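Notes follow the structure.
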Amino acid sequence: MIAFLSSYAQKTLKMDASPVRLATLLASFGWLIFTLFGGALSDRIGRVRTFQLGYVLIFAWVIPMFLLVDTRNIWAYGVGIFVLTVGLGLSYGPMSAMYAEMFPASVRYSGGENRLRPGFFHPRRSLRAANRRSAAEGHRLVGLYRDLHHGPVRHLLHWRQPGEGNEGGSAGR
C-alpha cells in the first residue's frame, strides 16, 4: 500500500519525487516501530485480536488518508501514510506467530514453491495454476492463499482467540 501511495503521489498527483520518497521513508520507520509493538501487543491480547485491530484501523483510516494525500501537501501526505503504518504494524506484528499457531507445519510449508511458478505475480493465473496442481496432486491451497494475503482478509471475521471453541488451543480458520 505504501509503495502504491508513493507512486500515486508522484505520477497521478504530480508531487515532487524527493519529498514524497523522504516522507515514505520516514513513514516506513513508523511501520517498523508499530510492527514491533504489534508483536508485543499480540503476546498480551492475542494474535488474532491484534491482527483484527490492525485491519480495523486500516479500514477506518483509508478514506481520511486519501483525503489528506489528495491535498498534494507533503506534510499531509506524510501524516496520512504515517498514521496508516499504525494499522499496518498491528496487522504485520503478530502475523508469523499467528500462522504458526493456525496451521500445522505440513500446511505452512505447502505454498512456498508457488513463488517459483510464472503465474505467482498474477493472482488469477496463479489460482488457476494452483487449482490444476491441486486437482492433480490433491494439495490444499492454504499455502498459496497465505502467500497472496487472501487468507487473512477472507478469514478476518471468522478467526477466534485460543480457547474459544478451537481444538488444540490454536486460532481457528
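The values are calculated or read from the model by the stated rules, or taken from the named source; none is laboratory data. If you're wondering where the values come from, they're calculated on a predicted model, not measured in any experiment. Cβ atoms come from the backbone with ideal geometry, glycine included; neighbour counts cover every protein chain shown.
Here are some notes:
- On the stretch given as region 29-47, residues that are part of a helix (DSSP H, G or I), surrounded by 17 or more Cβ atoms within 10 Å (Cβ to Cβ) and more than 13 Å from the chain's Cα centre (by Cα) total 6.
Yes/no matrix, rows are residues, columns are (1) farther than 30 Å from Met98 by Cα; (2) touching a helix residue (DSSP H, G or I) at 6+ places or on another chain (Cβ under 8 Å); (3) free of Cβ contacts under 8 Å to residues at least 24 places away in the same chain:
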{"site": "Leu5", "(1), (2), (3)": "no, yes, no"}
{"site": "Pro19", "(1), (2), (3)": "yes, yes, no"}
{"site": "Leu22", "(1), (2), (3)": "yes, no, yes"}
{"site": "Thr35", "(1), (2), (3)": "no, yes, no"}
{"site": "Val48", "(1), (2), (3)": "no, yes, no"}
{"site": "Phe51", "(1), (2), (3)": "no, yes, no"}
{"site": "Tyr55", "(1), (2), (3)": "no, yes, no"}
{"site": "Leu68", "(1), (2), (3)": "yes, yes, yes"}
{"site": "Phe82", "(1), (2), (3)": "no, yes, no"}
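- Lone qualifier among Ser110, Ser96, Ser106 - being modelled with pLDDT under 90, more than 30 Å from Ala9 (Cα to Cα) and either of a type in the set (Phe, Trp, Tyr) or part of a loop (DSSP other than H, G, I, E, B) (or both): Ser110
- Of all residues in region 67-81 being farther than 13 Å from Ile2 by Cβ and of a type outside the set (Val, Ile, Thr), the one that is surrounded by the most Cβ atoms within 10 Å (Cβ to Cβ): Leu68
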